[in-house]
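FYI, it's all coordinate maths here, none of it is from the lab. All values derive from a computational prediction rather than experimental measurement. Please note: Cβ atoms are built from the backbone with ideal geometry, for glycine as well, and neighbour counts cover all protein chains shown.
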Amino acid sequence: MAVQLDGSGDLPDLSLIRDESREELLEILSAFPGTKCLVFDPDITGLVNHVVVEGSKLLSEAGVALFREIKDGALDDLRFGKEDREPDHVLYLTRPRIKRVQQIAAHVKSRAAMPSAGNLSYGCYFVPHRTLACEQVLEDEGVLNAITLGEFHMDLVPFDRDLVSMELKDSFREIFVQQDITAVGSTVRALSRWQAVYGFIPNVKAKGHVAEKVLRRMLRMRVDDHLAEFGPPEDGDVARVAQGVGPTAVDTLILLDRAVDLVTPNVTPLTYEGLIDELVGIHNCQVKLDSSLLDTGDDLPDEKGESQPEAKTAETENGAPKKVSLPLNSNDDLYKEIRDKNVSALGQILQTRAKSIKELYAGFRSNRNASVSEIHAFWKQVPDLRASYKSLSQHINIAALLKRTTDSNDFRERWQIERGLLEGDAHLEEIEERLHSEEPASEVLKLICLQSLCGGGIRSKYFDSLRRDFLQTYGYEYLTLLSALERMGMLKKKETFLDTGATLWSSIRRAFNLISDGDVDVMNPNDMAYVTSGYAPLSARMVQFAGSPGWSVCQEALRLVPGPTLQIRQTDAPMELDQSLDAFERADEQGGAPPGPSSNRGKPCLMVFYVGGVTHMEIAALRHLSRSPKFPYRILIVTTKVLNGKYMLASIEGQDQDDSR
């Protein structure tokens, strides 16, 4: 179920971009009169559900009679209705991927080869943009002239009131492994679309080489659009518009590329939502779990405060427990309250909620002299009480599932190893033990990457033996992945004669206060380090520094982090990046930059855009920061992909990452 959106709480009304995508889809459908079969790329089926909140009913009203997914081989039977007839059109919605267009071409050709083939027309709309490579494949396959091509610009998909994702599953690999600018171009277009809907963002900061590329191209696009619409500005116009900017939905944009913080995805989160993703997997704000965990019944507690659900047997599907999807967003009030909590705090919160519901119900049952109006008032609450009690039961079951892992000695030992690595210690022997115990390859590899990233590399003799043992244990098919990690700098050999003891990570750790010195209060946290019970995500800490003391004040700390640090101010008269940097520097020298948050009501909005992906740990840390009275902004999180460390490694390897979650 898509989240209910509004513009409350100092954040922009995300329903504007959602409705824009929905209307564009309806326009595409209306361009093909008659009945239609809508064929989805499996990667975007869930995203369309976040945009078309009315579900299949709205699409059916627009003439969609059948729904299918792109797959190998021929399409399933296209006949429908009592008349047992076929639709007039087959429309594909797909990512611009070579594999997908090859499958589409195979569908069209197999259909044309059928003796009884009807006169179907085909349309293929790429999400969010078409590419020349895909068009070339269709031409090579001989079906280009048989298909109407177009674009469906569904790039920014609201997942929650403070979270927007493009869900470009290959974005990390494209950007940081293949050096492909496709995802960068999609990011730039998405930001331009945002500014067209909500107004341009006056203050922009960027950190990292890829973030710089995005900023440069975004400004270039804005200049080109401005020139195309208004022509070259007069000098007087420039002076006039440079005096200030009008009201906008977002006050400040921070562009962060994933490469500035490769440590955080390799650290195990300890928040409820983060652990669900880590241990089970969250996809498009949904988790798939055994039906026995989620089908708790709707019965309220009895007189003793105990529920009495019907006895249920676990449903199976092909011999395995049946999986059921559960939406995870702020529509569920309980989930909204607990998703960013440290798991150590969950028990008390769930117990308090259960006690509250039981006392409310028991209080009514014990009131034998209740009036008719009191009875009526209580029964009006029953539907909400049933929903609350069902949600509570589901999350108690999920928490118990997570607790079986988090209470294990193995999990606790892993946390100790990660904490030591983050503090700069060497834990090569412990990592080797886990490798020889044949723990999952991704879990061992995350520890190896942490050792390398936090230790400035791994000493030569250990590096070679670890690499050899890993390949012998898990297979030489991992050779490509290890080579890619080395090229990216996530795995690095450290020569002994260069080992001075000091590392870049240790300097970053101290400069940004990433490790909490004492015990972390997970019940009432006052610092974002609670998300791991001790480590504050570097990327989130950089966002915190942007609010206070400001990036201009902490340049020395920012210089320690890889990649350039950029700050500019946009005005009504667009400028290229170099001009914008010069203007910002001149204003800074004159004491006129950067301006403080500009808002007449509440906190202004800060958009943090992760290029390459964001983890649930970072989302929780930023939400904690946003709620803090000391932080001057409300934070809107936007990303090319919501990911975790396992997903990131699978992406580098080029696996179908959904299978890795």
Task: Which of THR352, SER393, ALA183, positive extreme of dipole for the chain (C-beta unit charges) - done: THR352
Task: For MET648, MET575, order by how many other beta-carbon atoms lie within 10 Å, fewest first - done: MET575, MET648
Open item on the list: Expected output is a single nm value to one decimal: the length gained when fully extending between ALA573 and LYS322, i.e. 0.36 nm times separation in residues minus the C-alpha distance. What is it?
Closed with: 84.6 nm
Open item on the list: I need the calculated FRET efficiency for the pair ALA113 and ASP84, taking r as the beta carbon distance and R₀ as 22 Å, to the nearest 0.05.
Closed with: 0.50
TODO: Please name which of LEU435, PHE470, ALA502 has its Cα lying farthest along the dipole of region 410-505 towards the positive end, using unit charges on Cβ (Lys, Arg +1; Asp, Glu -1) and the Cα centre as origin.
DONE: ALA502
- [ ] Starting with the fewest neighbours, write out ILE276, ILE349 ranked by other beta-carbon atoms found within 10 Å of each beta-carbon.
- [x] ILE349, ILE276
Task: Residue-averaged 222 nm ellipticity for the chain, from DSSP H runs of 4+ at -39500 (n - 2.57), nearest 500 - done: -14000 deg cm²/dmol
Task: Ranked packing of 174-187, 321-334, most packed first, by mean Cβ within 10 Å - done: 174-187, 321-334
Task: Global geometry of region 392-465, whether rounded, prolate or oblate, following the gyration tensor of its Cα atoms and the 1.5 cut on a/c - done: prolate
Open item on the list: Which of rounded, prolate or oblate describes the chain when judged by the alpha-carbon gyration tensor and an a/c cut-off of 1.5?
Closed with: rounded
TODO: Take every DSSP beta bridge with both residues inside the chain and express the antiparallel ones as a percent of the total, to the nearest 5.
DONE: 30
Open item on the list: Could you tell me which residue out of LEU294, ALA511, VAL39 lies farthest along the dipole of the chain toward its positive end? Charges go on the beta carbon: Lys and Arg +1, Asp and Glu -1, centred on the Cα centre.
Closed with: ALA511
Task: Sites LYS71 and THR480, calculated FRET efficiency, Cβ-Cβ separation with R0 35 Å, nearest 0.05 - done: 0.85
Task: Shape of region 410-505, Cα gyration tensor, a/c cut at 1.5 - done: oblate
